[in-house]
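Heads up, the thing below is written out as structure tokens.
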Amino acid sequence: MTNDQKSAPPRRGRTQARVMNTLNVPMRRVLGLPIATPLGKRLMLAYIVGRKTGRLYRQPLSYVRDGDVLLTPGGGKWKLNLDPAKPVRLRIRGRDVQARPEVVRDPDEVVRLLDIMKAGNPAADRFIPLPKGPDGKPEPQALAQAIKYGFCIVLWHLDEQPAAAS
């Protein structure tokens, strides 16, 4: 097996990434509006600063609320720019809030959080295509492989103060 074969994500993941990149273009506009839209019920816009370039990226993300925390599947490269010490501005239903990201990669905790996400948004199962075992939980080997290629869950700890627009 070559190094490229070891490090490249599975083909399905690459195809899904291309589709999502295309869909993200109009989503950024709709989610960036200063009013609540029907899409905002399960989607938010994260304003993430690039760790190397300092460039501001606007990333549409699905989310599920769990008390004071938002849960987001982290399957793309955007999560590499997250720093728990730096708050991120999120636009949720037309309002800006600050949140501190926490990246979760522990398999047991990922499974627990996926259950919460599925309960809050049954469609999340379609966007997180992990093979399931007879118990309905992700197969451990498939989950380990997904985590190896960068999959995680991002917990967004919401701050009390509204975010300042930049």
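The values are calculated or read from the model by the stated rules, or taken from the named source; none is laboratory data. Since this is a predicted model, take the numbers as computed values, not measurements. So basically every Cβ, Gly included, is an ideal-geometry build from the backbone, and we count neighbours across all protein chains shown. In case anyone asks, the SASA skips ligands and DNA or RNA and just uses the protein heavy atoms, side chains included. Shrake-Rupley method; radii C 1.70, N 1.55, O 1.52, S 1.80 Å.
Do the conditions hold for residue 53, that is, is it of a type in the set (S, T, N, Q) and open to solvent by less than 30 Å² (accessible area, probe 1.4 Å)?
No: the conditions fail for residue 53.
Output yes when any residue across the range 101-110 is closer than 19 Å to residue 42 by Cα, part of a strand (DSSP E or B) and under 15 Å from the mean Cα position of the chain (by Cα), and no when none is.
Looking through the range 101-110, at least one residue is closer than 19 Å to residue 42 by Cα, part of a strand (DSSP E or B) and under 15 Å from the mean Cα position of the chain (by Cα).
Quick check: anything in the range 66-83 open to solvent by 40 Å² or more (accessible area, probe 1.4 Å), touching a helix residue (DSSP H, G or I) at 6+ places or on another chain (Cβ under 7 Å), outside any helix (DSSP H, G or I) and of a type in the set (D, E, K, R)?
yes
Condition check ((1) open to solvent by 60 Å² or more (accessible area, probe 1.4 Å); (2) small (Gly, Ala, Ser); (3) modelled with pLDDT under 95) across all residues:
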residue	(1), (2), (3)
98	no, no, no
101	no, no, no
105	yes, no, no
114	no, no, no
118	yes, no, yes
121	no, no, yes
127	yes, no, yes
134	yes, no, yes
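Taking the range 30-47 as the search range and keeping residues that are part of a helix (DSSP H, G or I) and in contact (Cβ under 8 Å) with a residue 12 or more places away in the chain, which one is surrounded by the fewest Cβ atoms within 10 Å (Cβ to Cβ)?
Looking at residues that are part of a helix (DSSP H, G or I) and in contact (Cβ under 8 Å) with a residue 12 or more places away in the chain, I get 41.
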